[in-house]
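The values are calculated or read from the model by the stated rules, or taken from the named source; none is laboratory data. Computed from a predicted model, the values in this text were never measured in an experiment. Virtual Cβ from ideal backbone geometry, glycine too; neighbours counted across all protein chains shown. Note: areas computed on protein heavy atoms with side chains; ligands, DNA, RNA excluded. Shrake-Rupley method; radii C 1.70, N 1.55, O 1.52, S 1.80 Å.
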Amino acid sequence: MGRMKTRLAVLGSGSGSNCQSIFNAIDDGRLDAEVVIVLSDNPEAFILKRAAQRGVPTGILDCHGFKNKFPEEEQSALAERLKEMQVDLICLAGFMRLVKQPLLDVFPRRILNIHPALLPKFPGVEAWKQALEAGAEQTGCTVHYVDAGMDTGEIIMQAYVPVLAGDTPETLHARIQVQEHILYPAAIQSALSRL
Ligand code: GAR
């Protein structure tokens with residue numbers, strides 16, 4: 001019997017194009033893993049449809065009507081559930097809530113995030129817009145381990161994206177996303193080879 005593949009859980013709040021890039025990398029053999037569950041705090045998020053289309057189990061994270069908060073008791077319940085499922089790595093893919101202690105304690109150095117800027121520059125929301133407003137000549141994307149701060153954990157890999165004359169927030173974000181879709185699977189593969 002072969003070794004069990006690395007088991008990933010993906011958490012996202014939106015379109016899930018990064019989750020799709022993980023699926024694609026698995027299918028191409030660039031990522032030696034399987035996605036065992038996709039979870040969202042937003043029942044309408046397209047990421048859930050992408051998962052369902054692939055036959056990957058999905059779930060909704062109940063955030064008790066809070067706009068940004070991820071209630072601690074939900075994080076504890078999630079940690080328990082993912083542990084029971086023998087999840088090896090949690091990949092945040094456009095997940096717009098802060099992960100805190102209960103999850104961090106159960107999955108130390110086992111939670112990754114992709115951020116649309118060259119951290120430590122432009123943490124937080126709409127990082128591509130922040131780069132544009134700051135007049136940056138280049139920005140990019142970063143995959144990092146998640147710690148208790150906002151977008152502060154140890155960096156695994158980064159990719160550069162130039163800011164072009166005439167860029168709008170939409171055109172810049174679209175070019176960053178092209179790089180994200182290459183970077184995230186590569187960084188996950190690198191992290192899982194060091195588990
Ligand atoms: C991505 O650009 C990701 O880097 C960003 O949200 C987008 C999600 O797109 N994440 C953050 O801003 C986290 N602070 P997707 O749903 O198509 O993967």
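Answer yes or no as to whether Gln20 is farther than 17 Å from Ile114 by Cα, of a type in the set (S, T, N, Q) and either part of a strand (DSSP E or B) or out of contact with any Ser or Thr (no Cβ under 8 Å at 6 or more places or on another chain) (or both).
Details: farther than 17 Å from Ile114 by Cα: no; of a type in the set (S, T, N, Q): yes; either part of a strand (DSSP E or B) or out of contact with any Ser or Thr (no Cβ under 8 Å at 6 or more places or on another chain) (or both): yes.
The answer is no for Gln20.
Taken residue by residue, segment 137-145 has no member that is in contact with a Cys (Cβ under 8 Å, 6 or more places away or on another chain), at negative phi and within 15 Å of the ligand (Cβ to nearest atom).
Within the bounds of segment 130-139, is there any residue that is open to solvent by less than 80 Å² (accessible area, probe 1.4 Å) and within 18 Å of Gly12 (Cβ to Cβ)? Don't jump to the end; show me each part of the working.
Of all residues in segment 130-139, those open to solvent by less than 80 Å² (accessible area, probe 1.4 Å) come to 130-132, 134-136, 139.
Subsequent filtering for residues that are within 18 Å of Gly12 (Cβ to Cβ) retains none.
Checking segment 130-139: not a single residue is open to solvent by less than 80 Å² (accessible area, probe 1.4 Å) and within 18 Å of Gly12 (Cβ to Cβ).
Here Glu73 meets the list (1) surrounded by fewer than 20 Cβ atoms within 10 Å (Cβ to Cβ); (2) within 16 Å of the ligand (Cβ to nearest atom); (3) in a helix (DSSP H, G or I) almost entirely, failing just condition (2). Residues in segment 85-102 that are more than 13 Å from the ligand (Cβ to nearest atom) and closer than 16 Å to Thr152 by Cα: Lys100, Gln101. Residues of segment 156-170 that are open to solvent by 60 Å² or more (accessible area, probe 1.4 Å) and either over 24 Å from Ile188 (Cβ atoms) or touching a Ser or Thr at 6+ places or on another chain (Cβ under 6 Å) (or both): Gln158, Pro162, Leu164, Ala165, Gly166, Glu170.
In segment 20-57, what count of residues is obtained for those that are of a type in the set (Phe, Trp, Tyr) and either more than 12 Å from the ligand (Cβ to nearest atom) or open to solvent by less than 30 Å² (accessible area, probe 1.4 Å) (or both)? It would help to see each step written out before you state the result.
Looking only at segment 20-57, we keep the residues that are of a type in the set (Phe, Trp, Tyr), and these are 23, 46.
Retained after the next criterion (residues that are either more than 12 Å from the ligand (Cβ to nearest atom) or open to solvent by less than 30 Å² (accessible area, probe 1.4 Å) (or both)): 23.
Residues flagged as of a type in the set (Phe, Trp, Tyr) and either more than 12 Å from the ligand (Cβ to nearest atom) or open to solvent by less than 30 Å² (accessible area, probe 1.4 Å) (or both) within segment 20-57 amount to 1.
Restricting to segment 173-195, and then to whatever is away from the ligand (no atom under 12 Å from the Cβ) and hydroxyl-bearing (Ser, Thr, Tyr), can you tell me which residue is farthest from the chain's Cα centre (by Cα)? Across segment 173-195, the extreme among qualifying residues is Ser193. For Met85, the criteria (1) exposed (fewer than 15 other Cβ atoms within 10 Å of the Cβ); (2) within 18 Å of the chain's Cα centre (by Cα); (3) of a type outside the set (D, E, K, R) hold in every case but one, which is (2). Against the list (1) farther than 19 Å from Gln177 by Cβ; (2) in contact (Cβ under 8 Å) with a residue 40 or more places away in the chain; (3) more than 15 Å from the ligand (Cβ to nearest atom), the condition Ile60 fails is (2). Flag set for Ala79, criterion: open to solvent by less than 50 Å² (accessible area, probe 1.4 Å), touching a helix residue (DSSP H, G or I) at 6+ places or on another chain (Cβ under 7 Å) and more than 16 Å from the ligand (Cβ to nearest atom).
From the list Val125, Val106, Val143, which one is open to solvent by 70 Å² or more (accessible area, probe 1.4 Å), of a type in the set (Val, Ile, Thr) and out of contact with any Pro (no Cβ under 7 Å at 6 or more places or on another chain)? Can you show your working first?
Working: Val106 fails: open to solvent by 70 Å² or more (accessible area, probe 1.4 Å); Val143 fails: open to solvent by 70 Å² or more (accessible area, probe 1.4 Å).
Unique residue meeting the criteria: Val125.
Looking only at segment 100-141, which residues are touching a residue at least 60 places away in the same chain (Cβ under 8 Å) and more than 16 Å from Glu180 (Cβ to Cβ)? Matches in segment 100-141: Arg110 only.
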